[in-house]
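K.L.:
My questions will all concern the structure given below.
The values are calculated or read from the model by the stated rules, or taken from the named source; none is laboratory data. Predicted model only: the values in this text are computed from it and were never measured. Virtual Cβ from ideal backbone geometry, glycine too; neighbours counted across all protein chains shown. Accessible surface is based on the protein model in full, side chains and every heavy atom, while ligands, DNA and RNA are left aside. Shrake-Rupley method; radii C 1.70, N 1.55, O 1.52, S 1.80 Å.
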Amino acid sequence: MMKHANGQAIIQTFEAFSPKHYAVEGDKIGLQVGTLNKPVKKVMVALDVIEPVVDEAIEAGVDLIIAHHPIIFKPIKSLRTDQVYGRTIEKLVKHDITVYAAHTNLDVAPGGVNDLMAEALGIKETEVLVETFEDPLKKVVVYVPEENAQQVREAMGQAGAGHLGNYSHCTFNTKGTGIFRPGEGTDPHIGEKGKMEYVDEVKIESVFPASIEKRVVRAMTNAHPYEEVAYDLYEMAVPGSKLGLGRIGELKNEMTLKEFGEHVKEAFGVRGARVVGDLDKKVKKVAVLGGDGNKYVNQALFKGADVFVTGDLYYHVAHDAMMEGLMMVDPGHNVEKIMKQGVAGFLSAFIDENKYSTEVITSKVNTDPFQFI
């Protein structure tokens, strides 16, 4: 019989994809309202948690909202239920709806907001625009009986070890002999108590980002047949992957700024966009950063972008960019709604793999406060 996923299990899996430590300092992320210690029949992915979205969640019977924008961003001095904000929180509590926020950590995460936006625009060979985090590499070395080596390699690879570029499950393997004597109180997988054992073993070596060490070690030890697993962990001198906000890369085909502006509108499903620059000028190298990108104009210039796609542009920032020759397209902050389908797809895969009966939906409420008339 299928069962509902526990809230803790859902978020633990989600945080493997979008870890909290990816977030910029001071960001208000994580569990914001309610509890995760409960079965979740239905989870809804939303960009914003405003009252119409909460009403939608109540109507749909949602137990958990995973949102990009935090509902609690500033310290709460009072919570008045006769005002909109307090009433919204009250509805969440009364209907036992948990709210979890993944903000800049979801922006930074590979496959997160900025990668989804770059993919929608057709930007190729992307790299990070603004580096905010380096995930150093570590190496795990484990000794396994030959007959169990494949199951341990597979478990480590599934946990994220051995991912190099577009290759996965990368390991180096050396055959040797494991020697041990089981003592009193042991229950050896191989051998007898008090008798020296000689076992054909494989030494498996694999690298992984330090941020997933616990996950890799847990997967390895769970798959290992020995009750006492022999393994080593090493810090690597090789630099780890650099993560951060925004992406920059090139379009497959060059186009004019006017054509590119229309392309942005179509890619993000918006009716209008503000454009800075000569509409006939050619665009090839594109920087994109979801949300408010005003303070990252210099990074786009430094990395040689022809055009910078971001939201919430200030008048004087646009002036400065124009004087420097950087074209800009502002399709609005709400285009980050692209995260809804991306996160929902990730969660659905987890739920299907584990055969849970939990349902994943996306919010249909339009939370963009702006209209074009």
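K.L.:
In the stretch 117-175, how many residues are within 28 Å of residue 25 (Cα to Cα), of a type in the set (D, E, K, R) and crowded, with 18+ Cβ neighbours inside 10 Å?
P.N.:
Total satisfying the criteria: 2.
K.L.:
Looking at the stretch 39-77, which of its residues are open to solvent by 40 Å² or more (accessible area, probe 1.4 Å), among the β-branched types (Val, Ile, Thr) and at pLDDT 95 or above?
P.N.:
50, 58, 72
K.L.:
With the structure loaded, tell me whether residue 202 is among the aliphatic types (A, V, I, L, M) and part of a helix (DSSP H, G or I) or whether it fails that test. Step through it out loud before you land on a result.
P.N.:
Numbers: among the aliphatic types (A, V, I, L, M): yes; part of a helix (DSSP H, G or I): no.
Answer is no for this residue.
K.L.:
If you don't mind, there's one more thing I want to ask. How many of the residues in the stretch 265-297 are of a type in the set (Val, Ile, Thr) and out of contact with any strand residue (DSSP E or B) (no Cβ under 7 Å at 6 or more places or on another chain)? Give the steps one after another, and end with the answer.
P.N.:
From the stretch 265-297, those of a type in the set (Val, Ile, Thr) are 270, 275-276, 283, 286, 288, 297; that's our starting set.
Imposing the further condition that a residue be out of contact with any strand residue (DSSP E or B) (no Cβ under 7 Å at 6 or more places or on another chain) reduces the set to 270.
Residues that pass the stated criteria total 1.
K.L.:
Continuing with the same structure: Counting just the residues of the stretch 6-33 that are among the acidic types (Asp, Glu) and either in a loop (DSSP other than H, G, I, E, B) or farther than 22 Å from residue 345 by Cβ (or both), which one comes out modelled with the lowest pLDDT?
P.N.:
Initially, the stretch 6-33 is screened for residues among the acidic types (Asp, Glu), giving 15, 25, 27.
Filter again for either in a loop (DSSP other than H, G, I, E, B) or farther than 22 Å from residue 345 by Cβ (or both), leaving 25, 27.
Numbers: 25: 93, 27: 96.
Restricting to residues being among the acidic types (Asp, Glu) and either in a loop (DSSP other than H, G, I, E, B) or farther than 22 Å from residue 345 by Cβ (or both), the top hit is 25.
K.L.:
If you don't mind, there's one more thing I want to ask. For the stretch 221-285, give me every one of the strands (runs of 3 or more DSSP E) that falls completely inside it and has 1 or more residues that are over 30 Å from residue 154 (Cβ atoms).
P.N.:
Working: elements: 231-235, 241-256, 274-276.
Once the strands (runs of 3 or more DSSP E) in the stretch 221-285 are filtered for at least 1 residues that are over 30 Å from residue 154 (Cβ atoms), what remains is 241-256, 274-276.
K.L.:
Same structure again: Applying the selection to the stretch 78-95, what residues are closer than 27 Å to residue 39 by Cβ, open to solvent by less than 40 Å² (accessible area, probe 1.4 Å) and touching a Ser or Thr at 6+ places or on another chain (Cβ under 9 Å)?
P.N.:
89, 92
K.L.:
Keeping to the stretch 110-154, report how many residues are within 27 Å of residue 239 (Cβ to Cβ) and not β-branched (Val, Ile, Thr). Explain how you work it out, then say what you get.
P.N.:
Initially, the stretch 110-154 is screened for residues within 27 Å of residue 239 (Cβ to Cβ), giving 110-119, 123-142, 153.
From what's left, not β-branched (Val, Ile, Thr): 110-112, 114-119, 124-125, 127, 129, 131, 133-139, 153.
So the answer is 22.
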